[in-house]
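First up is the structure itself, then whatever we jot down about it.
The values are calculated or read from the model by the stated rules, or taken from the named source; none is laboratory data. Every value quoted in this text rests on a predicted model; they were computed, and no experiment measured them. Every residue, glycine as well, gets a Cβ built from its backbone with ideal geometry; the counts of neighbours run over all protein chains shown. Please note that ligands, DNA and RNA were not included when accessible areas were found on the heavy atoms of the full protein model with its side chains. Shrake-Rupley method; radii C 1.70, N 1.55, O 1.52, S 1.80 Å.
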Amino acid sequence: MKKDIIYIDSDDEIAAVVDKVVASRSKVVALVLPKRFTMLHSSVNMKILNKAANDNNKNLVLITNEKALMPLAAATGMYVAKGLQSKPAIPALAEPDTDLDDAVEAPELDAEPTIDKTKPIGELAGDTDETITIDNTTPEDTAAKKPDTPKKSKKLAVPNFEKFRLKLFLIIAGVIALLMLLYFAVFVWPKATVTLSVEQQEIPLSIDITASPTKEDNVSEKVFKLDTKTIDKAETKSGEATGKKDLGEKATGEVTFSIPCSDVTSFPTTIPSGTGVSTGGLTFITQKSVSLTNPGGSGGCKFSGSAGVIAQNAGGEYNINKGRTFSVAGFSSVSGSNKEGFSGGSSKVITIVSQEDCTALTDQLNAESNSDELKKQLMTDFEQAGLTASIDTYKVDTVSSSCEPAVGQEANSVSAKATYRYTMSGVNADSLNELITQEALEKAGQGQTIADTGIKTAVINVNGRSGSTLDMTVNTTAIAGVKQDEAAIKSLIAGKNARQTADALKQIPGVKDVKVDYSPFWVNKTPNKESKISIVFVTNNDN
């Protein structure tokens, strides 16, 4: 049988010694104790050590010659040997001065052997394979009779305080979590939603009001302050320039004018400067006045005269040949001709901005300015400011417009720019809501309440204007029904179950049906706390 030798330090606690014994893989464990190892002077510690060895099937031998430990070892039935080569035995119960020699067969060593802890256990035990042999009987020469081995307590155990603390913490945490869960389940999570189906009636209203920017709201007199909001927005539209202009030279020449005497109604006949003469679709302008005269002679009666002309426009096409016939603007009886061809005309066509270009782009801007985008933005601004707008007051004005480059300027593209002002007016929503409520209650009768004034869909029409003052009509449809006191309803049903809640609410005039919903699923009655109760009114029109 192999043995395991364990050396104990003088400062080891009982728990550390027990752990070393239990951790040993040998059946026989030799526990080498230091001198004056006071930890085992306690009978409790000795019993704990012995029980740990027995529970783990260890044959434990205390290696010591300290006399003070012998009675304790004898009382617990613990084996003791003076040295590693000594035969172990249970000390006999004797007088306190009884020497260990009475309990062991091996000769007593004069002194405790010096132990070199750096050597292997085999060397410490000797060069032989001898192991400690457990002898449950006392030596024959022992004078005293061996007492009965006391019964070993199976209840003794080494307490594990770490596990105890962990279990205690888990138990406390579990109790706290359970209490919190119970609190939330009873006081926080339970909710009730009670839906009441009530009868309601529609009340169409048409109310005349006066609104002026200089007035303050007076609901009783139906006078309101008129608030106006504006948005200025600049718009730009670009396109290609389509105008053409010839910067070339104009052709020049001379035209001779003539008229038969029979066609002359007054004398002398004069063609003023700036008169247009045309041939082949080309027009030339006279540069001086011409008085037609009759030179007489064999040629017969004919008045004639000549004047220099210049082409109306630049271009090489005005360089015409001689012998052309001209008509004279304003003088149907006068004809013209050129004895020489015209010259000097040339072309240099450039692209310019035409009036048509600017007009087309401006028209597009004006059409786009009438979109509903700015109207919706103004209505949103009114709503955020707590105002009710009148769509009738919406208008768009052109603040400025221009075309760049200007008409006639050379350019390949053109941009039309315009600034528009969007305007809308309205009145205070709260004051208007108050007026509608008063008017609706007068028509609904006693015991009624106004569930909805219809102000969000109300239409305000402008009937007339006197300066800055507007005469307007508010058209809306209010919803009236039996007056319901939500706070009183919550107080009435608090703490009741679903059936009791429904029965109590059906007694209220105007209530036709009741639906009670609880959450979470385990809730079976209406919470006592009114903040946990939600009341929803459903009209007969919604059913």
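Calculate the spin-label point distance for Glu254 paired with Val22, positioning each point 7 Å from the Cα along the beta-carbon direction, and give it in nanometres.
14.4 nm
If I ignore ligands, DNA and RNA and count only protein heavy atoms, how much of Ser332 is accessible to a 1.4 Å probe, in Å² to the nearest 10?
Its heavy atoms expose roughly 120 Å² to the probe.
How far apart, in nm, are the 7 Å Cα→Cβ label points at Ile231 and Ser212?
3.1 nm
Determine the shape class of segment 216-359: with a ≥ b ≥ c the square roots of the Cα gyration tensor eigenvalues, call it rounded for a/c under 1.5, and otherwise prolate if a/b is greater than b/c, oblate otherwise.
Taking the square roots of the gyration eigenvalues as a ≥ b ≥ c, segment 216-359 is oblate.
Taking all protein chains as present, what is the carbon and sulfur share of the accessible area of segment 476-538, in % to the nearest whole number, probe 1.4 Å?
50 percent
Taking the simple approach of a point 7 Å from Cα along Cα-to-Cβ for both Thr38 and Gln85, what is their distance in nm?
Computed distance between label sites Thr38 and Gln85 equals 3.4 nm.
What's the extension gain from Asp397 to Asn528 if we count 0.36 nm per residue and subtract their Cα-Cα distance?
Answer, rounded to one decimal: 41.0 nm.
Take Arg421, Arg36, Arg25 and sort them by solvent-accessible surface of the protein heavy atoms, 1.4 Å probe, largest at the top.
Ranked list, largest accessible area first: Arg25, Arg36, Arg421.
Semi-axes of the equivalent ellipsoid for segment 202-288, please: Cα gyration tensor eigenvalues, times 5, square-rooted, ordered largest first, whole Å.
Semi-axes from the Cα gyration tensor: 76, 25, 14 Å.
Filter the chymotrypsin sites (Phe, Trp or Tyr not before Pro) in segment 457-531 to those in DSSP coil with at most 14 other Cβ atoms within 10 Å of their Cβ, and list the result.
Values: sites: Tyr518, Phe521, Trp522; in loops: Phe521, Trp522.
Qualifying residues, ordered by number: Phe521, Trp522.
For Lys322, what accessible surface area do you get with a 1.4 Å probe? Give it in Å², rounded to 10.
Number for this one is 140 Å².
So if I take the alpha carbon set of segment 388-543, get Rg, then get Rh from the Kirkwood formula, what is the Rg over Rh ratio?
1.31
Just add up the charged neighbours of Cys358: K/R +1, D/E -1, any other residue whose Cβ is under 13 Å from the Cβ of Cys358. Can you show the working numbers first?
Working: positive: Lys237, Lys417; negative: Glu240, Glu356, Asp357, Asp363, Glu404.
Net of charged neighbours comes to -3.
Mean projection of the alpha-carbon convex hull of segment 355-407 over all orientations, in nm²?
One quarter of the hull surface, i.e. the mean projection, equals 4.6 nm².
Using only the heavy atoms of the protein chains and a 1.4 Å probe, how would Ser26, Ser238, Ser371 rank by accessible area, largest first?
Descending order: Ser238, Ser371, Ser26.
Give the ranking of Glu486, Glu66, Glu254 by solvent-accessible surface, highest area first, calculated with a 1.4 Å probe.
Numbers: Glu486 75, Glu66 30, Glu254 105 Å².
Ranked list, largest accessible area first: Glu254, Glu486, Glu66.
If R₀ is 45 angstrom, what is the calculated FRET efficiency for the pair Ser466 and Ser289, using the beta carbon separation as r and rounding to 0.05?
Values: r = 64 Å, r/R0 = 1.42.
Efficiency for this residue pair is about 0.10.
What number comes out for the charge environment of Asp19, summing +1 per Lys or Arg and -1 per Asp or Glu over other residues with Cβ under 12 Å away? It would help to have the intermediate numbers written out before the result.
Details: positive: Lys20; negative: Asp12, Glu13.
For residues surrounding Asp19, the net value is -1.
Could you calculate the FRET efficiency of Glu442 with Asp372 from 1/(1 + (r/R0)^6), where r is the beta carbon distance between them and R0 is 41 Å, rounded to 0.05?
0.65
Around Leu441, under 15 Å between beta carbons, what's the net of Lys plus Arg minus Asp minus Glu among the other residues?
After counting each charged neighbour, the total is -3.
Non-local amide H neighbours of Ser347 (under 5 Å, H modeled in plane, Pro and chain starts lacking H): which ones?
Those qualifying (amide H under 5 Å, at least 5 residues apart or on another chain) are Glu249, Gly316.
Which of the residue pairs Lys3/Lys58; Lys191/Lys512; Lys245/Lys348; Lys244/Lys348; Lys233/Lys456 have a Cα-Cα distance greater than 19 Å in the structure shown?
Pairs exceeding 19 Å: Lys191/Lys512; Lys233/Lys456.
³J(HN,Hα) across segment 458-465 via Karplus (A = 6.51, B = -1.76, C = 1.60, θ = phi - 60°), whole Hz, x for Gly/Pro?
So the J values, rounded to whole Hz, are 5, 10, 10, 9, 8, 8, x, 9.
Give the accessible area for Thr283 in Å² (nearest 10); use a 1.4 Å probe, count only protein heavy atoms, and leave out ligands, DNA and RNA.
The accessible area of Thr283 comes to roughly 30 Å².
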